[in-house]
Amino acid sequence: MASADMPTAEEARVVAKEMGCSVIYECDLRVAGIHRLFPCLERMAGADALVVAAGREGTLPAVVAELVEAPVIGLPVSTGYGLGGGGEAALNSMLQSCTLLYPIVLEPLFPVGLAEISPPRRWQLM
C-alpha cells in the first residue's frame with residue numbers, strides 16, 4: 001500500500017482490531033518497488049488472511065495473492081486520476097484478476113463486508 005492508501009487501510013485496521021483480530025500493519029509497499037514486499041511477506045507467513053489495499057491500478061493484491069497461501073482480501077482505494085480514477089481502475093483490476101482474490105469496497109461499506117467473513121485468528125494488512 002502506498003501512502004495515499006493509508007487512510008483507507010487504517011480504517012480496515014481499526015475494523016479488524018474491533019473484530020478481535022490481531023493485526024500486523026505494513027505500509028509503503030508498491031508493485032513498482034516489489035523488493036520491499038518480500039520481507040513483509042516473511043513476517044506474515046503464518047497469517048490466516050491478508051487485507052491488501054491498493055489504489056491507482058490496484059495490482060498489489062493480485063501479486064500478493066500469487067505469493068501467499070492465505071486468502072487475500074483486495075481493498076480498492078479511491079486514489080488515482082484520469083481514466084479509471086476514483087478507485088474504479090483498482091476495483092476493476094481486482095475483479096478481473098485471475099488470482100484467488102476477494103475484493104471488498106471499503107468506502108463506505110468495508111465493516112459490513114468484513115462482518116460477513118468469519119474472522120480468522122490473525123489478519124495481516126499491507
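Determine, yes or no, whether residue 64 is in a helix (DSSP H, G or I), touching a residue at least 60 places away in the same chain (Cβ under 8 Å) and surrounded by 18 or more Cβ atoms within 10 Å (Cβ to Cβ).
Working: in a helix (DSSP H, G or I): yes; touching a residue at least 60 places away in the same chain (Cβ under 8 Å): yes; surrounded by 18 or more Cβ atoms within 10 Å (Cβ to Cβ): yes.
Spelling it out, residue 64 is indeed in a helix (DSSP H, G or I), touching a residue at least 60 places away in the same chain (Cβ under 8 Å) and surrounded by 18 or more Cβ atoms within 10 Å (Cβ to Cβ).
What's the total number of residues in the range 71-83 that are part of a loop (DSSP other than H, G, I, E, B) and touching a residue at least 12 places away in the same chain (Cβ under 8 Å)? Don't jump to the end; show me each part of the working.
Of all residues in the range 71-83, those part of a loop (DSSP other than H, G, I, E, B) come to 71, 77-83.
Right, trim to touching a residue at least 12 places away in the same chain (Cβ under 8 Å) and you get 71, 77-80.
Residues that pass the stated criteria total 5.
From the residues in the range 97-113 that are assigned to a loop (DSSP other than H, G, I, E, B), touching a helix residue (DSSP H, G or I) at 6+ places or on another chain (Cβ under 6 Å) and within 10 Å of residue 75 (Cβ to Cβ), which one is modelled with the lowest pLDDT?
Among those residues, the one meeting the criterion is 106.
Assuming residue 28 fulfils every condition listed in (1) touching a residue at least 24 places away in the same chain (Cβ under 8 Å); (2) within 12 Å of the chain's Cα centre (by Cα) apart from one, which condition is it?
If we test residue 28 against (1) touching a residue at least 24 places away in the same chain (Cβ under 8 Å); (2) within 12 Å of the chain's Cα centre (by Cα), just (2) comes out false.
Of the residues that sit in the range 14-61 and are in a loop (DSSP other than H, G, I, E, B) and hydrophobic (A, V, I, L, M, F, W, C), which one is farthest from residue 76 (Cα to Cα)? Let's see the steps before the verdict.
Step one: list which residues in the range 14-61 are in a loop (DSSP other than H, G, I, E, B), which gives 19-21, 26-30, 44-48, 55-59.
Subset that is hydrophobic (A, V, I, L, M, F, W, C): 19, 21, 27, 29, 44-45, 47.
Numbers: 19: 21, 21: 21, 27: 15, 29: 15, 44: 21, 45: 23, 47: 21 Å.
Ranking the candidates gives 45 first.
The values are calculated or read from the model by the stated rules, or taken from the named source; none is laboratory data. Everything numeric here is computed off the predicted structure, so don't read it as measured data. Glycine gets a Cβ as well: all are built from the backbone with ideal geometry, and neighbour counts include every protein chain shown.
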